[in-house]
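Laboratory data are not the source of any read-out in this text; all were calculated from the coordinates shown. Computed from a prediction, not measured in an experiment: that's the story for all the values here. Quick reminder, even Gly has a Cβ in these numbers, built from the backbone with ideal geometry, and neighbours come from all protein chains shown.
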Amino acid sequence: MKPPLPASRQDLAPDVLFEGRFLRVKRKDGWEYVDRCKTSGVVGILAITDHRELILVEQFRVPVNKRVIDIPAGLVGDIAGKETETPVEAAKRELLEETGYDAQRMEYLSEGPTSAGLSTELITLFRAGDLEKVSKGGGDESENIQVHVVPLAELKSWTEARRQEGCLVDYKVFAALYLEIS
């Protein structure tokens, strides 16, 4: 394992290798990594109905070339005019947009890196409470999201069946549930 950078090198600015519409590739001390552009964070939402059903989303993800099952999630401050929204506001917005469920409460669960060896991205996880289905969901005009409401007692077999069909299951599903039970 490579030792941490000496204090004198930690403050060096990284080189920007490429900047696109959504991502910026940087290099620092020989390490290449990615920043997200035009956002202040990422949120993920653990949403469990009063009937002990987990609300999940499924959508095609280009980087892995497969459909992925995940908890509702999205970017903070990425919409013009909402650059200063808080993570809680973004979590409520993303849950409603993706699933059609409105949450009266958002409880902070945890924050951490999504892929510390690749990206500077940190995700803040919330537990949604007092849920009410108010619309169809499915995402915005650029998304094609399928909503799944899965009984917690059937989650293991349900996700395994989805894997057998060729879907990937994002580990945030299980990380968020772990935080719920611990």
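Here is how the numbers come out for the structure above:
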| quantity | calculated |
| --- | --- |
| Top-ranked residue in region 141-155 [being surrounded by 11 or more Cβ atoms within 10 Å (Cβ to Cβ) and either charged (D, E, K, R) or assigned to a helix (DSSP H, G or I) (or both); ranked as farthest from the chain's Cα centre (by Cα)] | Glu154 |
| Test: residue in region 83-96 that is among the small types (Gly, Ala, Ser) and over 14 Å from the mean Cα position of the chain (by Cα) | no |
| Contacts under 7 angstrom Cβ, first residue in region 86-102 being touching a residue at least 24 places away in the same chain (Cβ under 8 Å), partner among the basic types (Lys, Arg), 6 or more apart | Gly100/Lys133; Gly100/Lys136; Tyr101/Lys133 |
| Contacts under 9 angstrom Cβ, first residue in region 131-146 being more than 14 Å from Ile71 (Cβ to Cβ), partner among the aromatic types (Phe, Trp, Tyr) and not in a loop (DSSP other than H, G, I, E, B), 6 or more apart | Glu132/Tyr101; Lys133/Tyr101; Val134/Tyr101; Ser135/Tyr101; Asn144/Phe60 |
| Filter pass, Arg127 being exposed (fewer than 15 other Cβ atoms within 10 Å of the Cβ) and not hydrophobic (A, V, I, L, M, F, W, C) | no |
| Residue within region 104-122 that is among the aliphatic types (A, V, I, L, M), surrounded by fewer than 18 Cβ atoms within 10 Å (Cβ to Cβ) and part of a strand (DSSP E or B) present | yes |
| Residues of region 156-171 satisfying the condition of being exposed (fewer than 15 other Cβ atoms within 10 Å of the Cβ) and assigned to a helix (DSSP H, G or I) | Lys156, Ser157, Glu160, Ala161, Arg163, Gln164 |
| Some residue of region 40-60 being touching a Lys or Arg at 6+ places or on another chain (Cβ under 8 Å) and of a type in the set (Lys, Arg) | no |
| Residue among Ile69, Ile79, Ile55, Ile48 that is among the hydrophobic types (A, V, I, L, M, F, W, C) and without any contact (Cβ under 8 Å) to a residue 60 or more places away in the chain | Ile79 |
| Residue pairs meeting the criteria (Cβ under 6 Å; at least 6 apart or on separate chains; first within 14 Å of Thr120 (Cβ to Cβ) and touching a residue at least 12 places away in the same chain (Cβ under 8 Å), in region 18-31; second assigned to a strand (DSSP E or B) and hydroxyl-bearing (Ser, Thr, Tyr)) | Lys26/Tyr33 |
